[in-house]
Amino acid sequence: MTEKQILISAGEASSDMYAARLVTAFRQRVGKEVRFFGMGGPRMTEAGVELVADYHEVAVVGIAEVVHKIPTVISVQNRLKREAKRRNAALAILVDSPGTHLGVARRMKQIGVPVGYFIGPQIWAWRAGRVRIVKRRVNRMVVIFPFEEKIYRDAGVPVSFVGHPLVDVVRPSLTRAEFAALHELHANKPIVTILPGSRPNEIRQNYGRILSACERLKRGNGDIQFVLAVAPNLSAEFFSAYAGNGVAIKHVTGATYDALAAADCAIVASGTATIEAALLGTPMVVIYRVSPISAFVLGRMIRTPFFSMVNLIAGKGVVRELIQDDFTPEAVESEVRRLLDSPKARDEMKASLAEVRAKLGEGGAIERAADIFAQML
């Protein structure tokens, strides 16, 4: 049997993780007669993918922020097309990152490579017209939120809902007491975990305000302990520019789930991390900020009543969202203090997060997605 070449592409850290798991599950279904190449990061490399592009080349957030990346994104798209053509790829699997991957899908169509798309564009939130682009360029859409399936199906896009892949993996490995002991914290004092984002430009927008909120919280309650869950793609030195504010913050890497599970409350940048916190039942306040230009443009494009996935899935305001101008140190302090001071408020939020968790489907999302993509061969 001739070895088949499959392009798989991920545009950020979370997608790198999902794609790596897809590769492993895919190989279990079709045997060893496949070779994967594409764009991604360390997880995909560990899974045996030959990278021809690194996702850091294209990873960026915001309208203004992405402008300077356009030439690089086009270059990466063309590189993936050349490689797919040279290798006579049998299939392309694109994971999230529609700003990059819809362009890749167009190039795959030009050279006759079928496209499977995992975690599609959030057309229900903004740029609804993208669904017509998806219909032209994507052979099969695989979605992870239950309300997405009907939207794509009604638009004539072949689609399957498989559940959220994080349901299988978001598990703490340590108890609160074990986590506290390991990181020299007091298990009987409040712990606030900080997830400021995984991209450098996100952290530049978010982290300074979070630190100011932590200063205010510490002045009001000296027992509060702060833990920063550092994204695996960032070095500890990256945060050195923010040192010296007088608040002790314990940095942990590779222990995000333990840090969230041990927390009484979390300050979380809007994105995948809010889903992780919800799956762990951790009360949270959601924050986010982009450049003023991006905020101006996005404010006229976004069509949903909420920003965080937790509230969108719940269909109501489960967690407080402090976005753009609402994201101030004073507002963060107020919401964190409310949650720390009120067991009732924490319990009510935990009950609502359990409902969100139930809507994310059973485990096995990656395996179901691998079944679908394997059938495309």
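Within the range 214-237, how many residues turn out to be without any contact (Cβ under 8 Å) to a residue 60 or more places away in the chain, surrounded by fewer than 15 Cβ atoms within 10 Å (Cβ to Cβ), of a type outside the set (Asp, Glu) and farther than 20 Å from Glu184 by Cα?
Residues in the range 214-237 being without any contact (Cβ under 8 Å) to a residue 60 or more places away in the chain, surrounded by fewer than 15 Cβ atoms within 10 Å (Cβ to Cβ), of a type outside the set (Asp, Glu) and farther than 20 Å from Glu184 by Cα: 2 in total.
So, in the range 32-52, of the ones that are small (Gly, Ala, Ser) and in contact (Cβ under 8 Å) with a residue 40 or more places away in the chain, which residue ends up farthest from Leu91 (Cα to Cα)?
Checking each candidate, the answer is Gly41.
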Self-check item: strands (runs of 3 or more DSSP E) contained entirely in the range 98-213, each with at least 1 residues that are free of Cβ contacts under 8 Å to residues at least 40 places away in the same chain and either at negative phi or of a type in the set (Phe, Trp, Tyr) (or both)
Solution: 115-118, 140-143, 159-161
Quiz prompt | Number of the exception - Pro283 against (1) surrounded by 23 or more Cβ atoms within 10 Å (Cβ to Cβ); (2) at pLDDT 90 or above; (3) within 17 Å of the chain's Cα centre (by Cα) | solution = (3)
Practice problem: Mind listing whichever residues of the range 69-83 are modelled with pLDDT of 95 or more and either of a type in the set (D, E, K, R) or under 22 Å from the mean Cα position of the chain (by Cα) (or both)? | Solution: Val76, Gln77, Arg79, Lys81, Arg82, Glu83
Self-check item: Residue among Val61, Val49 that alone is assigned by TED's automatic domain parsing to the domain that holds Lys135, β-branched (Val, Ile, Thr) and modelled with pLDDT of 90 or more
Solution: Val49
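So, of the residues in the range 214-245 that are among the aromatic types (Phe, Trp, Tyr) and assigned to a helix (DSSP H, G or I), which turns out to be farthest from Gly271 (Cα to Cα)? Break it down stepwise before answering.
Step one: of the range 214-245, the residues among the aromatic types (Phe, Trp, Tyr) are 226, 238-239, 242.
Imposing the further condition that a residue be assigned to a helix (DSSP H, G or I) reduces the set to 238-239, 242.
Working: Phe238: 21, Phe239: 20, Tyr242: 23 Å.
Among those that are among the aromatic types (Phe, Trp, Tyr) and assigned to a helix (DSSP H, G or I), it is Tyr242.
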Quiz item: Scanning the range 184-213 for residues that are farther than 19 Å from Ala273 by Cβ and not aliphatic (A, V, I, L, M), which turns out nearest to the chain's Cα centre (by Cα)?
Solution: Ser212
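Checking the conditions here, which among Arg35, Arg79 is among the basic types (Lys, Arg) and assigned to a helix (DSSP H, G or I)?
Values: Arg35 fails: assigned to a helix (DSSP H, G or I).
Just a single option satisfies the conditions, and that option is Arg79.
Could you list, in sequence order, all residues of the range 84-97 that are surrounded by 15 or more Cβ atoms within 10 Å (Cβ to Cβ), at pLDDT 95 or above and outside any strand (DSSP E or B)?
Within the range 84-97, the subset surrounded by 15 or more Cβ atoms within 10 Å (Cβ to Cβ) is 84-85, 87, 89-97.
Filter once more, so that each one left must be at pLDDT 95 or above: 84-85, 87, 89-95.
Result: Ala84, Lys85, Arg87, Ala89, Ala90.
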Quiz prompt | Residue, surrounded by the most Cβ atoms within 10 Å (Cβ to Cβ), within the range 19-31, restricted to residues that are on the phi < 0 side of the Ramachandran plot and free of Cβ contacts under 8 Å to residues at least 24 places away in the same chain | solution = Arg27
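The values are calculated or read from the model by the stated rules, or taken from the named source; none is laboratory data. As the structure is a computational prediction, the values presented were derived from the model and not from experiment. Virtual Cβ from ideal backbone geometry, glycine too; neighbours counted across all protein chains shown.
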